[in-house]
Amino acid sequence: MQSRILQHSTKHQRGLTTTQLDKNDVKGADARAPRFPGATAPFTSNPQVTFAENVAPIPIYRVMDRDGIIEDKTQEPKLGQETVKKMFRDMVLLNTMDKILYESQRQGRISFYMTNFGEEASHIGSAAALTPDDLVYGQYREAGVLVWRGFTISEFIDQCYGNVDDEGKGRQMPVHYGSKKLNFVTISSPLATQIPQAAGAAYALKLKEGNNRCVIVYFGEGAASEGDCHAALNFAATLDAPVIFFCRNNGFAISTPSSEQYRGDGIAGRAAGYGMASIRVDGTDIMAVYNGTKVARDYVMSTNKPIILEAMSYRIGHHSTSDDSSAYRAPEELEVWNTVEHPINKLKNYMRSKRWWNEEDENAFVKSIRKQVLSQISLSEKKPKPDWREMFNDVYYDLPAHLSPQFYSIFTMSKQEIPHVDKELDLSNAGRGVWLVKVPKYIANKWEKAPGNIDVGKLKISKIPGQKAQVSLALSDAVINLDPAEKIPKDHRLDVSVVTKQTLGVFSHVVPGKSDEVVPESEKLFMEGRIVQKLECRPYADNCYMKLKLESIKRASQPVRKVQSLEKIVHNYKPVSDHKHNIEYKERKKTEGKKARDDKNAVQDMLFNAFEKHQYYNIKDLVKITKQPIGYLKEILKGVCDYNMKNPTRVCGS
């Protein structure tokens, strides 16, 4: 089998590197002509053009047809029943898991997903032909390789959900798997970057004495158009690196069909130009993929040279959950590949002919896998996400300077305590200005009760790189413990706003030790200056503050006057025609006489002055303030504020 497959490769290389020369053409050539270092071709006396269509294409190696019938019994791999069953179960597991996780993305449970429909055989067949120690570089559609090597359902789903149990610590997009223990290098999103990495890794393994490992790198025919792919093939060929370049030619690079992606005999056809061996297999035939990969591995390990293995397949699913392939493919085309040409159906037919398969076992297995996947999804989506610090781990031993601002920026957003060293500020050269601070009433009451010459609190100014300075107030323990029964919050944030063009004089004095002691003028404190900051002190919503707020609400809800139920008739109240305050009001109204209308602008000024003190007024209060007729006042109010006419309040709002 091995020699037969390699014969195709050798024949193809001769076809690409030489032309069919007439003996008479060579006979006339100068035998003493120089041999150029860049080519080893013979000379000819006639100019010749080599046309690509005249070069025989590399044949597609196939072991069984769509009905699972082995076409050449000598090519049937010597696989036992349990190995073939494992191949089938792993393909079904991958297919079932893909269906559920694809729907999970459509439900918004995960952000992204890529299915492997139609390419299960190229994954499982190639993985089965490798040894567990062989190093794998994947692209993003090789989940079956991990399934074969023992990557569990929980590991797949934890990675897609990016939770704390994800091997990648939530740093990667879904389907970007990796496993050090399974020798599977973590997938990276940029196209084709893994190909030169694989060439370098293979060269490094070659330099190790007694090496028995090879490297296999998977990529699509679209990635083969990237410059990284050319560089990798050239490096591997010139350095003789033992690497298998496994190209999954599934017909589409997202929406670009292979007919528009390249010209010539596919990807394997490029091998001769690099001086490499090549082989092409039917990627929907798991037996052909297994045999082809085994031959390729034997070749690279025995020669320490690279090989291109091209698996011809068809991508049945969309490129990803970001793609809709119905825009560029006909349903009839998909139907063929999803039924008679499906790799799972081909293997199923083979197993049926061997009496290794029955429908009841398959249905029970699919049901079991669905249950495991759905159960694991329920567990994985409930797990917490990794700590955000993981973004900064595992690369640098010490965090470099250019990452520090990012680290502290996220620290701030996470609302966690920022690690810092407290130190007193040097205020000897500080400018002088007045800060106006609005504090909650409970702080004002504490400060009012505080004795003289004690610290009432400490102002903290935290400067975080790349962020606005944060100001906070921490009350001193002496103030908090003035009344142990009244618990108040210790820490408060200060919301700062800059104010200009205001000057304020502040007067204070040292509180005397005795109430009758006179404070000397020299000890009185005085400060006058321009207001530079306005601050509003707000407590953090911790348990202490919430309890304080609850008590305040309860007190406010208690009625000022309590209703008392009378047990007997009261005779000590004598009805009168009018109450005293009503009589006084009427007399005052007579004395004042009829209100005269003042100038409208003057009335508006009075209203504006009133609203600067309070936001809401009852209409009667405004009548008292302005001394204007109520009708005239209402006309003016409609033009300067929101006038609520609804009963019972009838309140004017500024």
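The values are calculated or read from the model by the stated rules, or taken from the named source; none is laboratory data. Please read these numbers as outputs of a predicted model, since none were measured by experiment. Using ideal geometry, Cβ is built from the backbone for each residue, glycine included, and neighbour counts are taken over all protein chains shown.
Quick look at the numbers
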{"quantity": "Residues that are over 30 Å from F392 (Cα atoms), at pLDDT 80 or above and either in a loop (DSSP other than H, G, I, E, B) or not assigned by the TED database to the domain that holds K534 (or both), drawn from the stretch 409-450", "calculated": "V439, P440, A450"}
{"quantity": "Residue within the stretch 108-121 that is surrounded by fewer than 22 Cβ atoms within 10 Å (Cβ to Cβ), part of a helix (DSSP H, G or I) and under 28 Å from the mean Cα position of the chain (by Cα) present", "calculated": "no"}
{"quantity": "Those residues of the stretch 208-235 which are in contact (Cβ under 8 Å) with a residue 40 or more places away in the chain, outside any helix (DSSP H, G or I) and under 14 Å from G266 (Cβ atoms), in sequence order", "calculated": "F219, G220, E221"}
{"quantity": "Residue in the stretch 554-575 that is at pLDDT 80 or above, among the aliphatic types (A, V, I, L, M) and under 30 Å from I480 (Cα atoms) present", "calculated": "yes"}
{"quantity": "Residue that is surrounded by the most Cβ atoms within 10 Å (Cβ to Cβ), among those in the stretch 207-250 that are among the charged types (D, E, K, R) and touching a strand residue (DSSP E or B) at 6+ places or on another chain (Cβ under 8 Å)", "calculated": "R248"}
{"quantity": "Check on I286, within 14 Å of F252 (Cβ to Cβ), β-branched (V, I, T) and crowded, with 18+ Cβ neighbours inside 10 Å", "calculated": "no"}
{"quantity": "Selection count, the stretch 134-161, where residues are among the aliphatic types (A, V, I, L, M) and in contact with a Lys or Arg (Cβ under 9 Å, 6 or more places away or on another chain)", "calculated": "2"}
{"quantity": "Residue match in the stretch 251-271 (condition: surrounded by 19 or more Cβ atoms within 10 Å (Cβ to Cβ), polar (S, T, N, Q) and assigned by the TED database to the domain that holds H319)", "calculated": "no"}
{"quantity": "Only listed residue being modelled with pLDDT under 95 and in the same structural domain as H318 (by the TED database), chosen from R66, R106", "calculated": "R106"}
{"quantity": "Of residues in the stretch 122-148 being within 24 Å of A224 (Cα to Cα) and acidic (D, E), the one surrounded by the fewest Cβ atoms within 10 Å (Cβ to Cβ)", "calculated": "D134"}
{"quantity": "Enumeration of residues in the stretch 301-314 that are of a type outside the set (F, W, Y) and either surrounded by fewer than 24 Cβ atoms within 10 Å (Cβ to Cβ) or in contact with a helix residue (DSSP H, G or I) (Cβ under 7 Å, 6 or more places away or on another chain) (or both)", "calculated": "M301, S302, T303, N304, K305, P306, I307, I308, L309, E310, A311, S313"}
{"quantity": "Residue count, the stretch 318-332 (criterion: surrounded by 13 or more Cβ atoms within 10 Å (Cβ to Cβ) and not polar (S, T, N, Q))", "calculated": "4"}
